[in-house]
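The values are calculated or read from the model by the stated rules, or taken from the named source; none is laboratory data. Just so it is clear, the model here is predicted, and its values are computed rather than measured. FYI the Cβ positions are ideal-geometry reconstructions off the backbone, even for glycines, and counts take in every protein chain you see. Ligands, DNA and RNA are stripped out before the accessible areas are found, and what is left, the full protein with its side chains, is counted by its heavy atoms. Shrake-Rupley method; radii C 1.70, N 1.55, O 1.52, S 1.80 Å.
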Amino acid sequence: MSFMLDEVGLTHSNGFVALSQIHLSAMQGESIALIGPSGAGKTSLLNTIGTGHLPTAGRMQVLGQAASTQSSANELKALRCRIGTVHQSAPIALRQRVVTAVLAGKLGQWPLWKALASLAYPQDMPGAREALSRVQLEDKLFSRCDQLSGGQLQRVGIARVLYQQAELILADEPVSALDPALSQATVQLLVQEAAAHNATLVASLHAVDLALAHFGRIVGIRDGRVAFDLPTEQVTDTLLQALYANVDGSAAALPTLHNLPTEPNANPATAPIQVSACR
């Protein structure tokens, strides 16, 4: 079992209920797409599985380990080192070189001396170059991150997770800054890499067609709850229309790769600062 959430709820300190009565589990090696309207709770669910948020109700196990407010800081740190997260806006320090950003994927697995040495001289340039080649960025190995576009930064974040070889990969809108053709190729790469390493992949995607094309299991999220959890071939148009229906019950257009609003490339000057892979 990769993870198991049993009646999990998440209520923030301001009283906002982000998740309610979530029952969800995955076997090691499964690939799952989360879909649903904006604000449905997909990011909150990924953050909870990744232990960025800890449940305020219910029980959760991740990679064979209980994860709760009772878990020690050391237990959570060790667990997070086994989880790779692809962020919608990659948390990458902009003054560093791309090679350093990619190698950060294994900082939690390296001894302290090697992690510190890598800041001065990258310790595994061939490994970083190979990971970047999988996202078509091998020519950017020594570029500064502030010289990259938003889409390129997003792919650097994906290369970092591929280099990490995590047991559990959580991808939050991993292709939001990419064009349709590159989005298809990148999602296919994530699915293939997860399968090759028997890693579990859970990806939140706005584009329904992208999820249906590449994943064998679809989980619909709405209003902080699981609306359905089905093999892809059992996801019907009726279920999708209900999932994306407007608040008043009227039909809404399903988001696809070709009708999503265009998102401008992230401005490097406003990108978030890098955090440790084992925060």
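The rows are residues; the columns are (1) among the β-branched types (Val, Ile, Thr); (2) in contact with a Cys (Cβ under 8 Å, 6 or more places away or on another chain); (3) modelled with pLDDT of 80 or more; (4) open to solvent by less than 80 Å² (accessible area, probe 1.4 Å).
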{"residue": "Val226", "(1), (2), (3), (4)": "yes, no, yes, yes"}
{"residue": "Thr236", "(1), (2), (3), (4)": "yes, no, yes, yes"}
{"residue": "Leu257", "(1), (2), (3), (4)": "no, no, yes, yes"}
{"residue": "Ala269", "(1), (2), (3), (4)": "no, no, no, no"}
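Run down Val247, Val275 and say which single residue is closer than 30 Å to Asn74 by Cα, at pLDDT below 95, hydrophobic (A, V, I, L, M, F, W, C) and open to solvent by 50 Å² or more (accessible area, probe 1.4 Å). Step through it out loud before you land on a result.
Details: Val247 fails: closer than 30 Å to Asn74 by Cα.
Every option except Val275 fails the conditions.
Does Val98 count as open to solvent by less than 20 Å² (accessible area, probe 1.4 Å) and in contact (Cβ under 8 Å) with a residue 60 or more places away in the chain? Give the derivation first.
Numbers: open to solvent by less than 20 Å² (accessible area, probe 1.4 Å): yes; in contact (Cβ under 8 Å) with a residue 60 or more places away in the chain: no.
Criteria not met by Val98.
Looking only at residues that are buried (at least 23 other Cβ atoms within 10 Å of the Cβ) and in contact with a Lys or Arg (Cβ under 8 Å, 6 or more places away or on another chain) in the range 104-134, which one is farthest from Ala177 (Cα to Cα)?
Ranking the candidates gives Ala104 first.
Of the residues Leu79, Leu34, Leu45, Leu54, which single one is of a type outside the set (D, E, K, R), within 22 Å of Gly224 (Cα to Cα) and in a helix (DSSP H, G or I)?
Numbers: Leu79 fails: within 22 Å of Gly224 (Cα to Cα); Leu34 fails: in a helix (DSSP H, G or I); Leu54 fails: in a helix (DSSP H, G or I).
It is Leu45.
Taking only the range 28-59 into account, find how many residues are out of contact with any His (no Cβ under 6 Å at 6 or more places or on another chain) and either under 18 Å from Gly84 (Cβ atoms) or of a type in the set (Asp, Glu) (or both).
Here is the first cut: in the range 28-59, the residues out of contact with any His (no Cβ under 6 Å at 6 or more places or on another chain) are 28-46, 48-59.
Next cut, either under 18 Å from Gly84 (Cβ atoms) or of a type in the set (Asp, Glu) (or both) only: 28-34, 42-43, 45-46, 48-53.
Count: 17.
Does Arg59 satisfy the criteria of being farther than 19 Å from Gln165 by Cα, of a type in the set (D, E, K, R) and at pLDDT below 95?
On the way: farther than 19 Å from Gln165 by Cα: yes; of a type in the set (D, E, K, R): yes; at pLDDT below 95: no.
Considered against the rule, which asks whether it is farther than 19 Å from Gln165 by Cα, of a type in the set (D, E, K, R) and at pLDDT below 95, Arg59 comes out as no.
Checking the conditions here, which among Ala57, Ala66 is open to solvent by 50 Å² or more (accessible area, probe 1.4 Å), farther than 20 Å from Glu173 by Cα, of a type in the set (A, V, I, L, M, F, W, C) and over 16 Å from the mean Cα position of the chain (by Cα)?
Working: Ala57 fails: open to solvent by 50 Å² or more (accessible area, probe 1.4 Å).
Testing whether each residue is open to solvent by 50 Å² or more (accessible area, probe 1.4 Å), farther than 20 Å from Glu173 by Cα, of a type in the set (A, V, I, L, M, F, W, C) and over 16 Å from the mean Cα position of the chain (by Cα) leaves just Ala66.
So Trp110 ticks every box in (1) under 30 Å from Ile32 (Cα atoms); (2) in a helix (DSSP H, G or I); (3) not acidic (Asp, Glu) but one. Which box is left unticked?
Among (1) under 30 Å from Ile32 (Cα atoms); (2) in a helix (DSSP H, G or I); (3) not acidic (Asp, Glu), the lone unmet condition for Trp110 is (2).
With the requirement that a residue be in a loop (DSSP other than H, G, I, E, B) and either open to solvent by less than 60 Å² (accessible area, probe 1.4 Å) or without any contact (Cβ under 8 Å) to a residue 24 or more places away in the chain (or both), what does the range 3-30 give you? Show your work before the answer.
Of all residues in the range 3-30, those in a loop (DSSP other than H, G, I, E, B) come to 12-16, 27-30.
Within the range 3-30, His12, Ser13, Asn14, Gly15, Phe16, Gly29, Glu30 meet the criteria.
Consider only pairs whose beta carbons are under 8 Å apart and that are at least six residues apart or on different chains; among these, list those whose first residue lies in the range 68-85 and is free of Cβ contacts under 8 Å to residues at least 24 places away in the same chain and whose second residue is surrounded by fewer than 14 Cβ atoms within 10 Å (Cβ to Cβ) and not aromatic (Phe, Trp, Tyr).
Qualifying pairs under 8 Å: Ser68/Arg59.
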